[in-house]
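Structure first, then comments.
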Amino acid sequence: MGARITGTGSCLPQRRVSNADLATVVDTSDAWIVKRTGIRTRFLLSEGETPSDLGVVACQRALETAGRRPADVDLLLVATTFPDMICPGTSPFVAQGLGMRGAPFFDITAGCTGFVYALAVAEAYIQAELGERVLVLGFEALSRVTDWSDRRTCVLFGDGAGATLLERGGDGQGILGISLRGDPDKALLLHMPAGGTRRPASHDTVEGREHFLRMEGSGVFRSAVPLMREAMDNALLAAHLEREAVDWIIPHQANVRIIDAFADRLTLPRERVIVNVDRVANTSAASIPIALDEAVRDGRIRAGHVVVLTAFGAGVTYGAAVIRM
Ligand code: UT7
């Protein structure tokens, strides 16, 4: 008995920010951003908005499509790199917003791979018969930890949330194979230097702008393609499927150049690779569930389709899941 996806939902902030808008904030241009990243717009939280509210709406939409209520959820998992608060995370606020009472919730921090890691935990929870239904949310409010004076990073990210409901049942449907991997030697490729227990917040850390995301862009770029491909091949092996059986691939939406380089090395037609990074930018742990929900809602992904989700991110973590919808 597997764990199948019975509902998807997503939510983006209202505020749409173009590359031209960003060119008024840092020394950049629409031409540079489009050529190097393929990103044209992103959706960002406005001042005063509560990040986890996006997650609540994404979860409500996923529950609605599955015909379920918050009270039906046996576990809420929130994959997020930057929670509402370091303690207690984001999941309690999402559970509260949904009106859940008593069911467990926790955050999973695995960078942009967080959603795939969370799917693996959700499936194991269901297989272990600890619960029947697990709500998995990928959620990020990166605009709140972006250094808006650093043109190398601030053009890349967006905010958003995507959710899926996993339910016990459906032989041959759901998660067919999963592969999770990590390379801790690359831990500092993407990191926030201060604010954790290793380097607590102080006047110095604030003055040093150490509470913002830092990234070694070219190192991330070089690692991304081979890692996503390795993860995908391992997950297909676990699912006993060949690449030819795949209807759709949803890679982590980091940037179009990475997705193109990844797709070029596949034998699958480029049209089978789902891309929305041009419109929503890199939303980290939310990128895959948002793209999945959009493709389900516009009718590209349909019941019975085999979908590969593959991601890499801070840690470095990487992983992939093969799903039959
Ligand atoms: O979830 C994972 C998240 N991370 C990623 O997806 C990032 C992966 N990395 C990348 O996509 C690329 O490394 C970037 C898009 C971040 C950068 O592209 P690049 O081709 O590696 O550029 P670069 O860092 O080598 O910089 C080239 C030039 C530099 O100028 P100089 O030193 O040659 O004069 C940068 O200062 O481009 C400059 N530059 C910019 N210029 C205009 C960097 N950012 C910008 C910008 N606008 N936004």
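Rule-based calculations on the coordinates, nothing more; no lab input. Only a predicted model underlies this, so the values are computations on that prediction, with no experimental measurement involved. For neighbour counting, all protein chains shown are included, and Cβ atoms are generated from backbone atoms with ideal geometry for every residue, glycine included.
Taking the Cα centre of region 175-324 as origin, sum charge times position over the Cβ atoms of Lys and Arg (+1) and Asp and Glu (-1), and report the length of that vector in debye to the nearest 20.
On the way: 18 positive and 18 negative charges, 14 e Å.
Roughly 60 debye, rounded to the nearest 20.
Tell me, what is the percent relative contact order of region 175-324, built from C-alpha pairs under 8 Å that lie six or more residues apart?
Value for region 175-324: 38 percent.
Report, in debye and to the nearest 20, how large the dipole of the chain comes out about its Cα centre when Lys and Arg carry +1 and Asp and Glu carry -1 on their Cβ.
420
To the nearest µm²/s, what D does Stokes-Einstein give for region 175-324 at 4 °C and 1.567 mPa s, using the Kirkwood radius over alpha carbon pairs as Rh?
For the chosen part, D equals 79 µm²/s.
Taking only complete DSSP H runs, can you tell me which helices of the chain stretch 27 Å or more along their own long axis by Cα positions and average at least 0.0 on the Kyte-Doolittle scale?
217-239
I'd like the antiparallel share, as a percent to the nearest 5, of DSSP beta bridges with both residues in the chain.
Values: 40 of 55 bridges.
The antiparallel proportion sits near 75 percent.
Show me the GluC sites (Glu not before Pro) within region 89-172 that DSSP assigns to loop and that have at most 16 other Cβ atoms within 10 Å of their Cβ.
In loop regions of region 89-172 (DSSP not H, G, I, E or B), the sparsely surrounded GluC sites (Glu not before Pro) are Glu129, Glu132.
With a cap of 16 neighbouring Cβ atoms within 10 Å, and only residues DSSP puts in a loop, list the chymotrypsin sites (Phe, Trp or Tyr not before Pro) found in region 108-170.
Counting only loop positions with at most 16 other Cβ atoms within 10 Å, the chymotrypsin sites (Phe, Trp or Tyr not before Pro) in region 108-170 are Trp148.
So which GluC sites (Glu not before Pro) in region 21-80 are both in a DSSP loop and have at most 10 other Cβ atoms within 10 Å of their Cβ?
Glu47
Let me know the longest stretch in the chain that avoids all trypsin sites (Lys or Arg not before Pro) found in a DSSP loop with at most 13 other C-beta atoms within 10 Å. Spell out each step's value before the answer.
Details: sites that count: Arg101, Arg198, Arg209, Arg265, Arg302.
Result for the longest clean stretch: 1-100.
Just to confirm my numbers, what's the Cα centroid distance between region 174-191 and region 1-26 in Å?
Their Cα centres are 22 Å away from one another.
Which listed residue (Gly304, Ala263, Gly319) has the Cα farthest towards the positive end of the charge dipole for region 201-325, taking +1 on Lys and Arg C-beta and -1 on Asp and Glu C-beta about the Cα centre?
Gly304
Using +1 on the beta carbon of Lys and Arg, -1 on that of Asp and Glu, and nothing else charged, what's the dipole of region 3-171 about the Cα centre, debye to 20?
Approximately 400 debye in magnitude.
Determine the calculated [θ] at 222 nm for the chain from helices alone, applying -39500 (n - 2.57) to every DSSP H run no shorter than 4 residues and normalising by the residue count; nearest 500 deg cm²/dmol.
-9500 deg cm²/dmol
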